[in-house]
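Trainee: One structure, pasted below without further comment.
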Amino acid sequence: MAMWKRKILSNDMSGRKNKFSFKRLASLRLIITVIIILSILLPLIISGRIILNSYSSKAMEDIVIAVKGQGSLVAADIAATSYLDTMNSEMIETELEQMMYTYSSRILVINRNCIIIKDTYDYETGKTIISEEVLSAFKGVANDIYDTETGRANITMPIYASESDEIIGVLSITIADTNVTDMYRYINRIFVAMILVFSMLALLLALIISNAIVKPLERLNQSIINVTGGAKEMHIEDRSLYEYNKVAQSVNRMLDRMKVIDDSREEFVANVSHELKTPMASIKVLADSLLAQDEVPNELYREFLSDMVSEIDRENEIIGDLLTLVNVDRVNAELNISTVSVNELVELVLKRLNPIAEAKKVELIMESFRPFAAEIDEVKMTLAINNIVENAIKYNKENCFVRVSLNADHKYFYIKVADSGIGIPNECIEHVFERFYRVDKARSRETGGTGLGLAITKSIILMHKGTIKIYSKENEGTTFTIRIPLYHGNSGGDTI
């Protein structure tokens with residue numbers, strides 16, 4: 001069993017090694033190297049083959065033209081004599097021998113009966129020859145076939161009678177020009193040597209270029225690994241190529257954003273801990289006070305228990321708001337969209353908040369320019385509007401007002417909540433939507449609340465693809481302006 005386990009482990013390691021090798025083969029450095037080498041060698045190889053073939057074709061073509069010209073003269077001389085019948089002509093014999101030695105050729109003279117009457121190599125004299133080229137020549141068609149790589153060519157041409165167009169024989173010339181083949185092989189060796197030299201140069205150039213391209217990526221990757229591993233330096237420095245600088249800047253922006261999110265998370269956790277700990281601490285103090293006394297009057301018991309219940313209610317309110325905030329903050333949070341009369345929705349919110357307003361001696365005013373309906377999540381939108389209006393009532397002054405205005409166009413609807421309350425200092429305006437943020441912590445404790453209302457409101461409005469803006473002046477009042485698409489498919493942006 002132990003041996004079997006070791007074998008499995010070995011196979012696993014082998015699989016990891018193969019996977020690692022495959023990743024190495026798919027590396028950017030190797031791909032760049034191969035592309036550069038191929039881009040240099042392929043044109044060289046292709047141009048070399050073209051030059052070799054062009055040279056061979058041209059050389060053989062020139063030889064064939066020269067041989068055909070000389071062969072035509074010999075064929076005319078043969079036709080002018082009785083050589084085909086008597087084979088008795090020193091002039092023709094001399095011409096045939098000169099042509100044979102000049103062009104390294106073998107010449108066959110064939111009469112009208114397809115009999116070879118003269119073979120300059122003396123191999124087939126007296127034999128009958130029947131071939132496609134010979135038969136074509138007897139029909140008046142001259143042929144020349146040559147192979148550039150072997151340097152061999154075969155030329156057949158008819159011999160016409162001197163006084164008529166009658167074909168009386170055929171002249172067949174076979175050329176084996178070793179000069180062409182030798183030159184072909186010589187040039188080919190030169191090109192092979194050039195390819196080897198350029199291969200080494202291409203490899204060296206490819207390594208230099210690939211290293212210049214990949215090295216900054218490796219530095220960037222190492223910097224990201226260091227940052228991921230908890231390095232104190234939260235920025236990546238890369239002063240190489242422009243494109244890499246752009247990537248480094250983008251990563252740095254992402255790191256900055258992550259740092260902001262991380263700081264926000266730490267602050268959020270600290271605030272949650274503080275907010276949840278405060279009611280618990282109050283409950284403990286009250287309970288310890290009761291336990292420390294032997295005989296406590298019923299009135300004091302009731303007072304302390306009432307305070308405990310208030311703190312428990314406050315704890316439940318914080319937990320409820322936290323759960324609400326988590327739900328609306330989810331990326332995949334769902335909206336139960338339906339067509340809702342926004343006028344009726346706002347009227348219902350103001351009706352519920354009217355007792356609080358009366359207790360604070362604040363006048364609630366609703367202004368509606370036209371009735372309209374929108375595609376929204378009724379429950380969540382009710383919560384968002386309720387939070388803003390309730391804040392406006394709580395942080396207001398006696399004998400003042402909260403005015404809620406409604407309007408709509410063909411694309412959006414607008415809600416404006418304006419109060420004549422205490423206002424918000426300029427340095428605090430950009431923080432009012434942060435979780436647990438309070439402008440006046442002492443006053444916030446008196447008015448109640450968890451400090452999560454506006455954060456929840458912002459998340460709900462963003463879920464509806466809407467925008468929310470705030471304008472405020474200290475001791476004069478605050479105005480919240482909300483814009484939300486009438487139809488859920490439209491985009492209203494997310495600018496705050």
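Values in this text are rule-based calculations from the coordinates and carry no lab data. Just so we're clear, the structure is a prediction, and the values are computed from it rather than from any experiment. So basically every Cβ, Gly included, is an ideal-geometry build from the backbone, and we count neighbours across all protein chains shown.
Trainee: Given LYS277/LYS360; LYS259/LYS473; LYS411/LYS469; LYS277/LYS458, which pairs have Cα atoms separated by over 24 Å?
Mentor: The answer is LYS277/LYS360; LYS259/LYS473; LYS277/LYS458.
Trainee: Then there is this: Evaluate E = 1/(1 + (r/R0)^6) for LEU30 and VAL192, where r is the Cβ-Cβ distance and R0 equals 35 Å; express this FRET efficiency to the nearest 0.05.
Mentor: 0.85
Trainee: May I have the convex hull volume per residue, in Å³, for the Cα set of the range 71-204?
Mentor: Cα-based convex hull of the range 71-204, divided per residue, equals 125 Å³.
Trainee: Hey, another quick one. Mean projection of the alpha-carbon convex hull of the range 362-414 over all orientations, in nm²?
Mentor: Seen from a random direction, the Cα hull of the range 362-414 projects 4.1 nm² on average.
Trainee: Hey, fewest Cβ within 10 Å first, where do ILE145, ILE129 land in order?
Mentor: Ordered from fewest to most neighbouring Cβ atoms within 10 Å, ILE145, ILE129 come out as ILE145, ILE129.
Trainee: Right, next: Given the Cα atoms of the range 334-485, and with Rh set as the inverse mean 1/r over their pairs in the Kirkwood sense, what is Rg to Rh to two decimals?
Mentor: Reported Rg/Rh, Kirkwood definition of Rh: 0.94.
Trainee: Oh, and also: Could you run the Debye sum over the Cα atoms of the range 324-424, one equal point scatterer each and no solvent, and tell me log10 of I(q)/I(0) at q = 0.12, 0.17 Å⁻¹, two decimals?
Mentor: Taken in order of the listed q values, log10 I(q)/I(0) reads -0.44, -0.82.
Trainee: When HIS464, HIS431, HIS410 are ordered from fewest to most other Cβ atoms inside 10 Å of their Cβ, what list results?
Mentor: HIS410, HIS431, HIS464
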